[in-house]
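Single-structure report; data block below.
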Amino acid sequence: MLKVSITLAKCKHRNKIIKLKVNKMQKKLRFIPTLFLSLLFISSYSFAANIKTGSTPDEQQPVNITADSLKVSEKEGKSTYKGNVVVIQGSLTLKGDVIHISHPNNQLTEVIATGKPANFKRFSQVDQAWLTGKANKIEYHAQNKTVLLIGHAQVEQPGKHIITGPKLFYDIANQTLQAQSTETEKKRISVTFNPAPTESTDATK
């Protein structure tokens with residue numbers, strides 16, 4: 001099966017650069033001429049270091065994408081990825097069966113992921129912990145720094161809280177979360193808070 005890997009990054013020159021990786025058996029496939037074939041190597045060490053130090057904001061880091069198939073329209077600045085799609089930008093990871101990405105001028109602005117379910121996770125510098133979420137549809141808006149989860153949505157911070165509902169809106173910049181129902185899904189919102197651990201006391205003393 002064809003496996004595609006894309007890297008989107010800012011370029012100092014006017015020419016747009018999109019890197020594409022294909023398996024050796026698929027080298028004969030012809031893609032859009034403006035795409036450059038390359039191998040993408042992601043260092044897990046440097047990735048972890050970026051998360052820990054928080055030296056570079058997620059939205060300023062390269063966007064790494066893997067998928068089984070790809071369709072790109074450079075004119076519109078949009079691309080569609082299908083099959084086990086994974087999008088990584090800094091500490092933010094989005095996964096889905098199908099993901100649509102808007103990247104005018106090679107700058108990521110919007111990611112729409114659908115799946116059964118689609119998933120996301122992000123490391124919170126404020127809480128120094130991972131925040132995970134899943135839903136039938138997840139929309140990530142890079143400029144506004146927001147994540148919208150629609151359809152059987154759930155957001156969880158392991159060990160702290162779990163929030164479920166038809167529609168969840170996560171504001172990354174302000175560290176806020178809103179929950180509401182939709183016209184097609186009238187289920188109530190559910191929130192579970194885990195109490196903070198307390199030091200046990202010796203009752204015999």
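The values are calculated or read from the model by the stated rules, or taken from the named source; none is laboratory data. Only a predicted model underlies this, so the values are computations on that prediction, with no experimental measurement involved. Glycine gets a Cβ as well: all are built from the backbone with ideal geometry, and neighbour counts include every protein chain shown.
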**OP:** Among residues belonging to segment 122-138 that are over 14 Å from ILE162 (Cβ atoms) and touching a Leu at 6+ places or on another chain (Cβ under 8 Å), point out the one that is modelled with the lowest pLDDT.
**Re:** SER124
**OP:** Among what's in segment 101-123 and is surrounded by 17 or more Cβ atoms within 10 Å (Cβ to Cβ) and among the small types (Gly, Ala, Ser), pick the residue that is nearest to TYR140 (Cα to Cα).
**Re:** ALA113
Original post:
Out of all the residues in segment 152-182, which are within 18 Å of LEU94 (Cβ to Cβ) and not acidic (Asp, Glu)?
Top reply: HIS152, ALA153, GLN154, VAL155, GLN157, LYS167, LEU168, PHE169, TYR170, ILE172, ALA173, LEU177
Subject >> Test result for GLY83, assigned to a strand (DSSP E or B), surrounded by fewer than 19 Cβ atoms within 10 Å (Cβ to Cβ), out of contact with any helix residue (DSSP H, G or I) (no Cβ under 8 Å at 6 or more places or on another chain) and touching a residue at least 40 places away in the same chain (Cβ under 8 Å) >> reply: yes
Original post:
Which one is surrounded by the fewest Cβ atoms within 10 Å (Cβ to Cβ) among residues in segment 149-174 that are at pLDDT 90 or above and closer than 17 Å to ASP58 by Cα?
Top reply: ASP171
**OP:** Name the residue, out of VAL98, VAL126, that is within 27 Å of GLU76 (Cβ to Cβ), of a type in the set (A, V, I, L, M, F, W, C) and surrounded by fewer than 20 Cβ atoms within 10 Å (Cβ to Cβ).
**Re:** VAL98
**OP:** List every residue pair whose Cβ atoms lie under 6 Å apart, where the two residues are 6 or more positions apart in sequence or sit on different chains, the first residue falls within segment 146-159 and is closer than 17 Å to THR176 by Cβ, and the second residue, located anywhere, is in a strand (DSSP E or B) and of a type in the set (Phe, Trp, Tyr).
**Re:** VAL147/TYR140; VAL147/TYR170; LEU148/PHE169
Subject >> Conditions (1) buried (at least 18 other Cβ atoms within 10 Å of the Cβ); (2) among the hydroxyl-bearing types (Ser, Thr, Tyr); (3) within 18 Å of ILE88 (Cα to Cα); number of the one not met by THR132 >> reply: (1)
Original post:
buried (at least 18 other Cβ atoms within 10 Å of the Cβ), among the aliphatic types (A, V, I, L, M), modelled with pLDDT under 95 and not in a loop (DSSP other than H, G, I, E, B): does that describe ALA179?
Top reply: yes
